[in-house]
Structure formats: C-alpha cells, structure tokens
Amino acid sequence: MGSSSAEFRHTSDAEAQRANRGDWDREADSYQLDHADFLRDVGFVWSPEGLDEADAQLLGDVAGRRVLDIGCGAGQCARWLTTRGAEPVGVDISVRQLQHSRRIDLDTGLRVPVAAASVTALPFPDASFDLACSAFGALPFVVDIAAALAETRRILRPGGRFVFSVVHPARRMFADDPTEHGTTIIRSYFDRTSYVEVDADGTATYVEPHHTVGDWVAAINRAGLELVGLLEPPWPTSNTEVWGGWGPIRGALLPGTAIFSVRRRRDL
C-alpha cells in the first residue's frame with residue numbers, strides 16, 4: 001500500500017474535481033453509515049451545527065417549486081423537499097453517493113431524480129429551476145467558484161434564489177481539531193492555497209480550496225447574482241456531536257459554517 005501526505009498548494013479546478021470525485025466514491029459508504037442518524041433519510045440539515053431547514057426556512061415556501069439540489073449526496077435534502085411539495089432534482093459528482101440515494105429511495109418510497117454532474121457543468125437548460133440549494137455539497141470543494149456560481153445562475157429563472165452552505169472561511173486559520181488545540185491561529189486567512197492530500201506518486205486524492213468572505217462576495221457579483229443574506233449559525237448547546245473539526249468546544253468560540261443566500265438578478 002502506498003503512503004500519502006498532505007500539502008498546501010495552488011490547484012486547478014480540473015485537478016480538484018478529479019481528486020474529489022475519487023475521494024467521495026471511496027468515502028461514500030463510511031460517510032453515509034457514520035452520519036445516517038444526523039442527516040436522516042428524509043431531512044434537510046444545513047451544517048454540522050445541526051441547523052435544520054424545517055426551522056430555518058431559508059428557502060421559503062417550496063411547494064410547487066422546481067429545486068436543484070447541488071452536491072446532493074444521498075438525496076436526503078431533496079427527499080425532504082419532496083415532502084414539502086417541491087419538485088427537486090439532485091446532482092452529485094460522486095456516482096457512489098448517488099447509488100446510496102437510490103438505496104434510500106427504495107427504503108423510503110420517496111424517489112428523487114438524480115444525475116452525476118459537476119456544479120461547473122450542469123446538464124439542464126437555461127432558466128429551468130425556481131430555486132437551487134447546496135448543503136455542504138460541491139461548493140466547499142470548488143476552486144473556480146465564479147464559474148460554479150455563473151453556471152448556477154444560468155439554470156435559475158430570473159429572480160430565482162440559491163442558498164448554499166460552506167466551511168466558514170475563518171476556519172482556514174485554525175487546525176482541523178475540535179478540541180482547545182484547534183482554537184489557536186496557525187495559518188494566514190489570506191493564504192489562498194488549497195489543502196491537498198496526495199498519494200505516493202504525488203497525485204492529488206483530495207482537495208479543499210480556500211476562499212475568503214470577500215472572494216465569495218466578489219464571485220457572487222461577477223456571476224450576475226446578488227447577495228441577500230449571510231448566516232453564520234452558532235453551535236447549539238444541545239448538539240454534542242463531533243464531526244471532523246466541528247464540535248461544541250470550538251463551536252462555542254468560532255464560526256464553522258457560512259450560509260450564503262443569493263438571487264439571480266431579473267435583468268440577467
């Protein structure tokens with residue numbers, strides 16, 4: 001078995017997509033097993049903090065709306081949207097994640113149409129959705145966020161909204177450690193290199209880019225979208241679960257998630 005290591009360096013979007021497609025295909029089984037109770041087969045959780053769309057209502061009334069779930073994973077959010085009268089479609093870069101979606105469809109009797117696709121190349125006509133959403137799906141792993149947002153704008157109808165959650169940019173300054181040790185600044189917020197895991201041959205096997213809040217706002221504007229909301233959910237005292245670098249200790253001090261709400265301008 002070859003060894004692996006991690007480094008910080010600049011990456012292309014194509015390299016990131018290749019690496020992360022393979023990573024999610026490898027990790028999908030354990031991810032769905034480990035987080036099944038938290039995510040629920042039919043549930044819409046925005047973030048490790050446990051913010052639930054049933055409470056937050058960031059998408060508003062979805063009844064009768066055609067909704068694209070970007071980076072849908074096993075379709076949990078899209079399946080919940082179905083129960084609220086929406087007409088969701090899911091896309092994900094990982095075929096293995098979509099196989100889990102089909103498994104849960106059969107278990108629950110709630111079928112969600114899905115397709116294997118990247119957020120930078122969505123297989124849908126212009127202006128074909130009323131809403132789009134992404135709960136930690138796709139956007140945290142995209143290098144070219146301007147292209148991803150422009151492609152999402154393309155499939156939205158004028159006035160249509162896109163709500164998406166990502167790792168809070170402030171997290172880049174700290175080690176991915178949910179304990180007190182993860183509250184010490186170790187890296188510059190302004191370092192835009194990606195965190196890259198590589199195999200023994202130096203091939204990227206996982207890529208997590210970094211974009212500042214300002215980078216996100218600039219990309220939103222360039223894409224022909226307008227920012228209508230930014231939510232940084234606090235860690236609730238009732239949530240004792242540790243999820244990677246997220247957990248109650250750091251969550252009491254540092255934001256872990258940023259949820260952007262944007263809208264397609266009606267003149268574009």
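The values are calculated or read from the model by the stated rules, or taken from the named source; none is laboratory data. What you see is a predicted model, and the numbers here were worked out from it, not measured in a lab. Counting neighbours? That spans all protein chains shown, and the Cβs are built from the backbone with ideal geometry, glycine included. Each accessible area value is taken on the protein alone, full model and side chains, heavy atoms only, with ligands, DNA and RNA left out. Shrake-Rupley method; radii C 1.70, N 1.55, O 1.52, S 1.80 Å.
Of note:
- Reciprocal mean inverse distance between Cα atoms of the stretch 183-253 - Kirkwood radius, Å: 15.6
- For the stretch 32-39, 3J(HN,Hα) per residue [Karplus equation, 6.51 cos²θ - 1.76 cosθ + 1.60, θ = phi - 60°, Hz, x = Gly/Pro]: 5, 5, 5, 10, 4, 5, 6, 7
- Student exercise, the chain dipole from Lys, Arg, Asp, Glu Cβ charges, in Debye to nearest 20: 1000
- Signed unit charges on C-beta, dipole axis of the chain, positive-most listed residue F162, V45, S118: F162
- Percent of beta bridges antiparallel (DSSP, the chain, rounded to nearest 5): 60
- For Kirkwood radius over Cα pairs in Å, the candidate list reads (1) 22.5; (2) 18.1; (3) 18.8; the entry that matches the value derived from this model is (3).
- Estimated dipole of the stretch 85-125 in Debye, rounded to 20 [Cβ of Lys and Arg +1, of Asp and Glu -1, Cα centre]: 120
- The P(r) of the stretch 118-173 has a tail past 12 Å containing 66 percent of all C-alpha pairs.
- Only Lys, Arg (+1) and Asp, Glu (-1) charged, at Cβ; the stretch 94-216 dipole about Cα centre in debye: 520
- Probing with 1.4 Å while keeping every protein chain in the model, the per residue accessible area of the chain equals 45 Å².
- Here the average projected area of the convex hull drawn through the C-alpha atoms of the stretch 1-153 stands at 10.1 nm².
- Whole-percent carbon and sulfur share, accessible surface of the stretch 40-130, 1.4 Å: 49
- Using a Förster distance of 25 Å, the FRET efficiency for V228-M173 (Cβ separation, nearest 0.05): 0.40
- With at most 16 other Cβ atoms within 10 Å, longest stretch of the chain clear of loop chymotrypsin sites (Phe, Trp or Tyr not before Pro) (DSSP): 1-188
- Put the Cα centre of the stretch 135-188 next to the Cα centre of the stretch 200-268 and the gap is 3 Å.
- Over the residues of the chain, the helix contribution to mean residue ellipticity at 222 nm works out to -8500 deg cm²/dmol, using -39500 (n - 2.57) for each DSSP H run of at least 4.
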